[in-house]
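Bear in mind these aren't lab numbers, they're just calculated from the coordinates by the rules spelled out. Note that the coordinates shown come from a computational prediction; the quantities given were computed from them, not determined experimentally. Cβ placement follows ideal geometry from the backbone for every residue including glycine, while neighbour counts extend to all protein chains displayed.
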Amino acid sequence: MIKELPKLNYAYDDLEPYIDALTMETHYTKHHQAYLDKLTAAIADTSLEDMELEDILMSPNSIGETIRTAVLNNGGGVYNHNFFWSVIGPAEGKTPNGELLAKINELSGSFDAFKEEFTKSALSLFGSGWTWLVQGKDGKLMVMNTQNQATPLTEGYKPLLALDVWEHAYYLKYQNRRADYITNWWNVVNWDNVAKMLA
């Protein structure tokens, strides 16, 4: 089980001007850390302490009923953020290529059409949650939303790309302008890392 937050491969200010340093630091050291602390407390002295987080999230029914909600909420928060940090970086608007682009084109027709579909999905998500590009067991890609800290792993999908649309991910810089945050977020997607996620 994860004992500490994963080290970021970039500095808090490396995603400026798209995501500001204060948001990055607050998001990572406060919100992400809080999920890890609560998860650690929830699974203390249980058999889950020795399991990988992904395995726990992929088999929610194996979690004891008394701690299931806390483990799924906080475990999802830890996993989702770990994943989110890994697919963003100072990428300066690069675009996907190779097999990943071919699969995106298969899904949406073109990369621009995919961006439009993904953005629309993120804007339509009511309240807090995540927008994902995932791969199904059939190898095909799909755009999906999850509420709060739910993760596609629980539904049997392999995440490739994640966008955090909780207000804490953007409010300090963008206030209620989720659309502006999403538009700018495309500039920091690390498509090389997304491609590595492909099964």
What does the extension gain come out to for A70 and E25, with contour length at 0.36 nm per residue minus their alpha carbon separation? 13.8 nm
Give me the angle, in degrees from 0 to 90, between the Cα long axis of helix 33-43 and the longest principal axis of the Cα atoms of the chain, rounded to the nearest 10. 40 degrees
Each residue of segment 99-106 in turn: what ³J(HN,Hα) in whole Hz from Karplus with 6.51, -1.76, 1.60 and θ = phi - 60°, glycine and Pro shown as x? 4, 4, 4, 4, 6, 5, 5, 5
Let me spell out the model: positive unit charges on the Cβ of Lys and Arg, negative unit charges on the Cβ of Asp and Glu, origin at the Cα centre of segment 19-199. What dipole size does that give, in debye rounded to 20? 460 debye
Taking trypsin sites (Lys or Arg not before Pro) as exposed when DSSP calls them loop (any state but H, G, I, E, B) and at most 14 other Cβ atoms lie within 10 Å, what is the longest stretch of the chain free of them, the sites themselves excluded? 8-93
Under 8 Å for C-alpha pairs, at least 6 residues apart: give me the relative contact order for the chain, rounded to a whole percent. 26 percent
I need the phi-derived Karplus couplings for segment 61-75: 6.51 cos²θ - 1.76 cosθ + 1.60, θ = phi - 60°, integer Hz, Gly and Pro marked x. 6, 8, 8, x, 4, 5, 10, 4, 4, 5, 5, 5, 5, 7, x
Per the rule of 0.36 nm per residue minus the C-alpha distance, extending S47 to M144 adds in nm 31.8 nm
Diffing segment 182-193: the Karplus 3J(HN,Hα) column from phi (6.51, -1.76, 1.60, θ = phi - 60°), in whole Hz with x for Gly and Pro, holds 5, 4, 6, 4, 4, 6, 10, 5, 8, 5, 5, 6
Sum up the lysine pairs in segment 19-199 that clear both bars: alpha-carbon distance under 24 Å and a spacing of 8 or more or different chains. 28
